[in-house]
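Have a look at the structure below before the remarks.
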Amino acid sequence: MLLTFALATFMVGLTVTIHFGGLLGLLWLLRGSGHRFRPHESAAGQGAVILIIVLGLVGIHTVEVWLYALAYIGVGAMKDFEAALYFSTTSFTTIGYGDVVLDHKWRLVGAIEGANGLLLFGWSTAFLISVTGRMRVLEHDWLEKR
């Protein structure tokens, strides 16, 4: 059981670090490209910003899901990568169909992956809402100056 907790702890730490870095990268991209997007001046600019953020978040979550799948393969919890990826995706998104299950020894990692995914999706949602809220403030400020 100690090995199970060690793997789960490592994976949570790794995915949280990746998520933090990914969000910083998205912020860097948005700040560096702000003069080109001008989200406060057009609906197309706002749409482009939101699209970039959403696709970036999907990319970050995809990396995290794949890392869990690779961990399952690496420890021998699953033999087939497709099954590991499917299990990881359903666990990370907290859907958990139950048609593919982990061995008794590793099932706690799957449960912790679900909790981890729930928190990371919440963090992503908060980030997206924060950025769209900031765009509304910029739009309001821009309209007041006209």
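The values are calculated or read from the model by the stated rules, or taken from the named source; none is laboratory data. Since we're looking at a predicted model, the values are computed, not measured. Counting neighbours? That spans all protein chains shown, and the Cβs are built from the backbone with ideal geometry, glycine included. We work out accessible area using only protein heavy atoms, side chains counted, and drop any ligands, DNA or RNA first. Shrake-Rupley method; radii C 1.70, N 1.55, O 1.52, S 1.80 Å.
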>> Name the single residue that is surrounded by the fewest Cβ atoms within 10 Å (Cβ to Cβ) among those in segment 110-127 being of a type in the set (A, V, I, L, M, F, W, C) and within 15 Å of Leu24 (Cβ to Cβ).
In response: Ala126
>> Cβ-Cβ under 8 Å, sequence separation 6+ or interchain: first residue in segment 125-140 and at pLDDT below 75, partner open to solvent by less than 50 Å² (accessible area, probe 1.4 Å). Which pairs?
In response: Leu138/Pro39; Leu138/His40; Glu139/Pro39; Glu139/His40; Glu139/Gln46
> Filtering segment 82-95 down to residues that are open to solvent by 50 Å² or more (accessible area, probe 1.4 Å) and not in a helix (DSSP H, G or I), which residue is nearest to Thr15 (Cα to Cα)?
Replying inline: Thr94
> Looking at Val54, Val58, Val63, which one is under 15 Å from the mean Cα position of the chain (by Cα), in a helix (DSSP H, G or I) and over 21 Å from Ile129 (Cβ atoms)?
Replying inline: Val63
> Could you give every pair whose Cβ atoms fall below 9 Å, whose first residue belongs to segment 58-81 and is open to solvent by less than 70 Å² (accessible area, probe 1.4 Å), and whose second residue is among the hydroxyl-bearing types (Ser, Thr, Tyr) and not in a helix (DSSP H, G or I), counting only separations of at least 6 or pairs across chains?
Replying inline: His61/Thr93; Val65/Thr93
